Amino acid sequence: MRSLRGVVWLIVLFSSVCLVETARAQNSDSLETRVQNQLTGYYKKYPQEKLFIHTDEDLYVNGQTIWYKVYSMAYGRPSDLSGIVYIQLSDSAGDVLTRNKLQLVKGTAHGNIDIPGGVHTGWYQLTGFTVWMMNFGKAEYFHQKIYIQNTSEAIAASTELPKKYHLSFFPEGGDPIEGIVSNIAFKAADESGIPVKVDGEVLNSDKKVIAKINTVHDGMGVFSIEGYSGKRNIAVARFPDGTVQTVDLPEFKKNGLAMQVNSLPADAVELKIAFNGDPKQYSKLLLAAYQDNGSFQTYPIQLGRGINVFDIKKALFSTGILRLTLFDQHGVPLVERIVFVNKNDQLKLSLNADVLSANPKGTSVFTFKTAGADEKPAAGNFSVSVTDADAYNESDEDNICSSLLMSSELKGRTYHPAYYFQNNSDTLQQQLDLVMLTSGWRHFRWDKDTVTLKYPVERSQFLAGRIIGYHQPANDKDQLKIKIVITNRDSTKYIGYVTPDSSGRFIMKDFNHSGVSSIYFEVADAKNHKQKLKVEFMKTLMDTARLPKDRLAVTGGTVPAINAEFLSGLKTYLSGNGILLNTIEIKGKKVGPTEQLLKEHVNNFIADQAYTLDLVNNGDGYSNISIINLMQGRFPGLQIYGDDNNASFVYHGGNSLASGHIDHIPHESEVASPGGAFLPYFYLNEQPITFDDMRDIPLPDIALIRFVPPPVWFAPYNGGNVGALLIYTKKQGDDIINFRKEAFDHYTFNGYTITREFASPDYSDPKTKSLTDNRSTLFWNPDLNTNASGEVRFHFYNSDRAKKYRIIIQGMDADGRIGYLNEVF
């Protein structure tokens, strides 16, 4: 009697099932429409946000600074979903050492973390997430292991402890089916998640060897078997230390579908589908092929007896993980498989050493170039780190390509994911497919495709609160308002009113300031009288969210090989015997309160020479005088005499200071008409007004008064003999006078984390060349932008020790094409 395998392969019909309109017409439109709607709705409602963090190094010592760049992607492009990202450093127990809050701009942010001096040697975890990502659990966060060596502690030696091994099996497509040859992938690892080699045999219920187990790469492999439902198959596996395990294989099902996938062809993904059971049950099926960027295709297919073969064109999809699900005619998912589609269409990066020097404090100059797969120059945004290549061994953990294209979508941890993106060889592609066979995906479940959204998309910082005990007034005249004065870390100031809604709540959107902001506030009525009502500010999402401890999944592993001589030199450097580079805060130019008012009020009438009277920040004691009295003696060179009914103006020139001395009392006719010899041109909010209009403006309504001496470009006759006086009134919600801190309540708001700029030494100055320099990071630039020609140059100075440089550059362009370069010079 011939074997079951022989019978199956003799009777199969290799039916090339083409995805054509005739097949589509034979299927139920309702099923295809339902699946399409389900996918469309899911990707619209639950967009996946992915993060990657590029750090300047993989290994640090206490007292060093971690410099990092964040890349955020959604729908296959730089993300414009969330506007805030959180980065935290925690120990292996999940206790957070520090957390940064950064503003995401065009999908990127950069910052730094100063490592505390008292941390102990060991593994730590850098985690990145947005509030939106919190809806889907910490498995969605970005995680990176970082090793920190305390310079006062001895370098740890790797110790071999007794290990426990785990061996798992993964039938391709879901379940092995009786009557069909099934591929079974496996993964072997120790209790720390480190892959181990394994070999052995697969035995059927008659104790007959039906397959061999041999590791292909990183504890993974695959074998093919056939079997029967109700029959037991076991694997006898041998591990490196001689340990032997006997593990039951997944049971064969009597009936069902089997799907085998080959993703190696350059232009297509090849599928082979077979079934065992009632042909009517599998005559009309629907295949869904979909990716996390929201693209998908559906294919109604009909199966015949035997092996049905068809192709899915790769041109319809982008580089990354492609998920394949096969449904029966009732919409029940039967088999699933993930494959990696590599179209070789990401950015190509190259680096040329224009000047290369390994001399102590020598200068090296590099030209960095970027291009697309079509060889055309590409403009993009990148981060670059240059480190001492001999300081420690290189890590094979995630890079921007492996993270955003692969490991961010897989269930569980992938060991050394960057390994699979070294090149496009067939060997690496076959090994990568083993990763696909042994990893599930976590972003879409057909049996439960809804997520309870607890957290909204956080686009920007805001201030929000409510008036306790607030009652909506009967008319607008009795409307209460909240006076708010905010002083920010960057020396800017906001002064204004906030009007609550009918429930007493208020919000100030887009409060994009860094550092601590001091907020002073009080409730006032329409007549600006203080009310005895309390204001409660709302906590932010991160203040109220209870985040579970994010323990380090793998605390073991090989201790990085640290160069002891390098570590000794770095310790000396950090202790202050060498040069400890200064760091510079990144912040906007300091803007004083008056300058801020000018920025907010002056639109078109910008003057090179002008004198400003600020009534918002310097208006105390002016409430009982007229505007004419107020301006007297306030502007250099301008004399004002008379009263509100009959005032005259004389301009002596910018070098003269106004005084009580009157050189000439003009005749009444000389001041009667606007624009006369002794009357300037008047403007209210940059619109011309008469003298009468000007003098009737209530002083409490004025924010700024500006005097522009002649010549005045925007006034008739260049401003005549006197020039122009410009009055700007207060903007509702912007300006409040008579601010007294002690009379206001106080609230402290923690804004974005202050980011410092990496400061490289400049050894072009001979005075600095005598200083000791044992840096490990020689250069860090988180915002390197290539131009339209795809090029940019950068240079750096060497330390006293480095002989070779490791240069890592990562980034993306506006279309979401990713690039990674890692070279040693």
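The values are calculated or read from the model by the stated rules, or taken from the named source; none is laboratory data. Remember, it's a predicted structure, so these values are computed and weren't measured experimentally. Cβ coordinates were reconstructed from backbone atoms using ideal geometry, including for glycine residues, and neighbour counts include every protein chain displayed. Only protein heavy atoms, including side chains, enter the accessible area calculation; ligands, DNA and RNA are left aside. Shrake-Rupley method; radii C 1.70, N 1.55, O 1.52, S 1.80 Å.
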Can you tell me which residue within the range 80-92, out of those that are closer than 20 Å to D292 by Cα and not small (G, A, S), is most open to solvent (accessible area, probe 1.4 Å)? D80
I'd like to check something: does the range 203-212 contain any residue that is buried (at least 19 other Cβ atoms within 10 Å of the Cβ) and either of a type in the set (V, I, T) or touching a Lys or Arg at 6+ places or on another chain (Cβ under 9 Å) (or both)? no
Residues that are modelled with pLDDT of 90 or more, under 30 Å from V332 (Cα atoms) and part of a strand (DSSP E or B): does the range 187-200 have at least one? yes
Which residue is least open to solvent (accessible area, probe 1.4 Å), if the candidates are limited to the range 260-298 and must be among the aromatic types (F, W, Y) and in a strand (DSSP E or B)? Y290
Determine, yes or no, whether T772 is at pLDDT 85 or above and of a type in the set (V, I, T). no
Would you please name the residue that is farthest from I468 (Cα to Cα), looking only at residues in the range 521-539 that are open to solvent by less than 30 Å² (accessible area, probe 1.4 Å) and in contact (Cβ under 8 Å) with a residue 60 or more places away in the chain? F521
Which number in (1) more than 21 Å from N276 (Cα to Cα); (2) modelled with pLDDT under 90 marks the one condition that G174 misses? (1)
What's the number of the only condition in (1) under 37 Å from the mean Cα position of the chain (by Cα); (2) open to solvent by 60 Å² or more (accessible area, probe 1.4 Å); (3) at pLDDT below 70; (4) of a type outside the set (D, E) that L567 fails to meet? (2)
Looking for something among the polar types (S, T, N, Q) and either exposed (fewer than 13 other Cβ atoms within 10 Å of the Cβ) or without any contact (Cβ under 8 Å) to a residue 40 or more places away in the chain (or both) - is there at least one such residue anywhere in the range 444-452? yes
Filter result (open to solvent by 40 Å² or more (accessible area, probe 1.4 Å) and either in contact (Cβ under 8 Å) with a residue 12 or more places away in the chain or within 18 Å of P171 (Cβ to Cβ) (or both)) within the range 427-443: Q430, W441, R442
In contact with a Phe, Trp or Tyr (Cβ under 8 Å, 6 or more places away or on another chain), open to solvent by less than 70 Å² (accessible area, probe 1.4 Å) and modelled with pLDDT of 50 or more - does that describe any residue in the range 655-677? no
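Hey, among the residues in the range 40-79 that are of a type in the set (D, E, K, R) and part of a strand (DSSP E or B), which one's most open to solvent (accessible area, probe 1.4 Å)? Don't jump to the end; show me each part of the working.
Here is the first cut: in the range 40-79, the ones of a type in the set (D, E, K, R) are 44-45, 49-50, 56-58, 69, 77.
Among the residues that remain, those that are also part of a strand (DSSP E or B) are: 49-50, 69, 77.
Values: E49: 5, K50: 10, K69: 3, R77: 116 Å².
By that ranking, first place goes to R77.
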Quick check on the range 299-310. Is at least one of its residues open to solvent by 10 Å² or more (accessible area, probe 1.4 Å) and assigned to a strand (DSSP E or B)? yes
Being open to solvent by 30 Å² or more (accessible area, probe 1.4 Å) and within 25 Å of Q422 (Cβ to Cβ) is the filter here, so list the residues in the range 809-825 that pass it. D815, R817, Y820, N822, E823, V824, F825
State which residue pairs qualify: first residue more than 16 Å from G118 (Cα to Cα) and inside the range 50-70, second residue of a type in the set (K, R) in any location, beta carbons under 8 Å apart, and separation of 6 or more residues or different chains. I53/K69; H54/K69
May I ask you to verify whether H166 is at pLDDT 95 or above, in a strand (DSSP E or B) and open to solvent by 10 Å² or more (accessible area, probe 1.4 Å)? no
Restricting the range 188-225 to residues that are within 37 Å of the chain's Cα centre (by Cα) and charged (D, E, K, R), which is nearest to L552 (Cα to Cα)? E191
Counting only residues that are more than 26 Å from Q431 (Cβ to Cβ) and acidic (D, E), which one in the range 236-286 is modelled with the lowest pLDDT? D278
Just wondering, is there one or more residues in the range 491-500 that are buried (at least 20 other Cβ atoms within 10 Å of the Cβ) and over 23 Å from H746 (Cα atoms)? no
